[in-house]
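Here the structure comes first, spelled out in structure tokens, and everything after it is commentary.
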Amino acid sequence: MPKVAPSILAADFAKLKEEIDSIQNADYLHFDVMDGMFVENISFGLPVLESVRKVTGMVLDVHLMIASPARYTARFAKAGADIINFHIEAETEQNIKNAITELHGMGKKAGLTIKPNTPVEVLLPYIDILDLILVMTVEPGYGGQKFKSEMLEKVTQLRKIIDVKKLNCEIEVDGGINIETAKQCVNAGADVLVAGVDIFKAPSRAEHIKSLQNLRP
Ligand code: DX5
Ligand code: ZN
């Protein structure tokens, strides 16, 4: 049963509490942080996360699309994130390892994210200590883009590695996810489906989340 992580980037921020209440049956709440440097767009950051933490007990899955993310991983953890994902392209090997160790020491989950042009192999030095790998299925920066089906091969590759090594590492996909593309991702071995526009524009968000959770390989 795949987990579903609605991306509140697609929510109406003027009524964020109601928007969060409307996706309560989801598994994680996906929180996209953009700095206008690592990606062109700017979204929201620490103060918004602190406010969200106060109004929900949901698992907060933070996706940092920021330059030199290790500067901020502990601060997002303190602000209430449960899972902190950051981009492997944005950090040095030493900083990545230190940040993962620090997050684990704080009782948090750590994830690494790869952009569409980044191969799976770069994750190998960290894979044994990761709780989650986020495979971007669009270029990071904006919601509502078209799913890149070439990314499915990466999910298949990762599924094999994780199963062979018997690791407790979830594979999450993010970008252009709808029922059709979600099915393909689940077939390839994805554990967590992030979806923004597809969930927030659905007539019944709760029903739509259920349909995604009910997909089977
Ligand atoms: C894109 C973000 C995504 C985005 C997904 O950079 O990481 O989480 O919100 O949006 P949809 O599902 O609309 O493609
Ligand atoms: Zn995201």
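The values are calculated or read from the model by the stated rules, or taken from the named source; none is laboratory data. Here the structure is a predicted model, which means the values were calculated and not measured. Methodologically, a virtual Cβ is constructed for each residue, glycine included, from the backbone with ideal geometry; neighbour enumeration extends over all protein chains shown.
Counting only residues that are of a type in the set (A, V, I, L, M, F, W, C) and away from ligand 2 (no atom under 16 Å from the Cβ), which one in the stretch 21-47 is nearest to Ser204 (Cα to Cα)? Walk me through how you get there before you give the answer.
The first filter runs over the stretch 21-47 and keeps only residues of a type in the set (A, V, I, L, M, F, W, C), leaving 23, 26, 29, 31, 33-34, 37-39, 42, 44, 46.
Filter once more, keeping what is away from ligand 2 (no atom under 16 Å from the Cβ): 37, 46.
Details: Met37: 35, Leu46: 30 Å.
Filtering first and then ranking leaves Leu46.
Exactly one residue out of Lys165, Lys154 is more than 17 Å from the chain's Cα centre (by Cα), at pLDDT 95 or above and either more than 14 Å from Val194 (Cα to Cα) or more than 16 Å from ligand 1 (Cβ to nearest atom) (or both), and it is Lys165. Residues in the stretch 132-151 that are within 13 Å of ligand 2 (Cβ to nearest atom), in contact with a helix residue (DSSP H, G or I) (Cβ under 7 Å, 6 or more places away or on another chain) and part of a loop (DSSP other than H, G, I, E, B) were compared, and the one that is nearest to Leu60 (Cα to Cα) is Gly143. Just checking, does the stretch 207-217 include any residue being closer than 15 Å to Ala5 by Cβ, modelled with pLDDT of 95 or more, assigned to a loop (DSSP other than H, G, I, E, B) and under 15 Å from the mean Cα position of the chain (by Cα)? There is no residue in the stretch 207-217 that is closer than 15 Å to Ala5 by Cβ, modelled with pLDDT of 95 or more, assigned to a loop (DSSP other than H, G, I, E, B) and under 15 Å from the mean Cα position of the chain (by Cα).
Within the stretch 77-101, can you find the residues that are touching a Ser or Thr at 6+ places or on another chain (Cβ under 8 Å) and either assigned to a loop (DSSP other than H, G, I, E, B) or under 23 Å from Val52 (Cα atoms) (or both)? Spell out how you get there, then give the answer.
The initial filter retains those residues of the stretch 77-101 that are touching a Ser or Thr at 6+ places or on another chain (Cβ under 8 Å), namely 84-91, 95, 99.
Answer for the stretch 77-101, where residues must be touching a Ser or Thr at 6+ places or on another chain (Cβ under 8 Å) and either assigned to a loop (DSSP other than H, G, I, E, B) or under 23 Å from Val52 (Cα atoms) (or both): Ile84, Asn85, Phe86, His87, Glu91.
When you scan the stretch 137-151, do you find a residue that is away from ligand 1 (no atom under 15 Å from the Cβ) and under 17 Å from the mean Cα position of the chain (by Cα), even just one? Taking every residue of the stretch 137-151 in turn, none turns out to be away from ligand 1 (no atom under 15 Å from the Cβ) and under 17 Å from the mean Cα position of the chain (by Cα).
The one condition from (1) among the β-branched types (Val, Ile, Thr); (2) within 16 Å of ligand 2 (Cβ to nearest atom); (3) over 18 Å from the mean Cα position of the chain (by Cα) that Val173 does not meet is (3).
Inside the stretch 130-148, can you point out the residues that are closer than 13 Å to Ala190 by Cβ and either of a type in the set (Gly, Ala, Ser) or surrounded by fewer than 21 Cβ atoms within 10 Å (Cβ to Cβ) (or both)?
Phe147
Taken over the stretch 47-76, the criterion of being in a loop (DSSP other than H, G, I, E, B) and either surrounded by 20 or more Cβ atoms within 10 Å (Cβ to Cβ) or in contact with an Asp or Glu (Cβ under 9 Å, 6 or more places away or on another chain) (or both) is satisfied by Thr56, Met58, Ile66, Ala67, Ser68, Tyr72. When only residues in the stretch 181-205 that are without any contact (Cβ under 8 Å) to a residue 40 or more places away in the chain and farther than 14 Å from Lys148 by Cβ count, which is surrounded by the fewest Cβ atoms within 10 Å (Cβ to Cβ)? Here the answer is Pro203. Just one of the listed residues (Asn117, Asn95) is surrounded by 13 or more Cβ atoms within 10 Å (Cβ to Cβ), more than 21 Å from Met1 (Cα to Cα), away from ligand 2 (no atom under 16 Å from the Cβ) and of a type outside the set (Lys, Arg), namely Asn95. Return the total of residues in the stretch 13-26 being in contact (Cβ under 8 Å) with a residue 40 or more places away in the chain and either closer than 15 Å to Ser51 by Cα or within 15 Å of ligand 1 (Cβ to nearest atom) (or both). Residues meeting the conditions: 3. The set of residues from the stretch 155-166 being of a type outside the set (Val, Ile, Thr) and surrounded by fewer than 16 Cβ atoms within 10 Å (Cβ to Cβ) comprises Lys160, Asp163, Lys165, Lys166.
Looking for something of a type outside the set (A, V, I, L, M, F, W, C) and either assigned to a helix (DSSP H, G or I) or at pLDDT below 95 (or both) - is there at least one such residue anywhere in the stretch 29-46? No; the residues of the stretch 29-46 include none that is of a type outside the set (A, V, I, L, M, F, W, C) and either assigned to a helix (DSSP H, G or I) or at pLDDT below 95 (or both).
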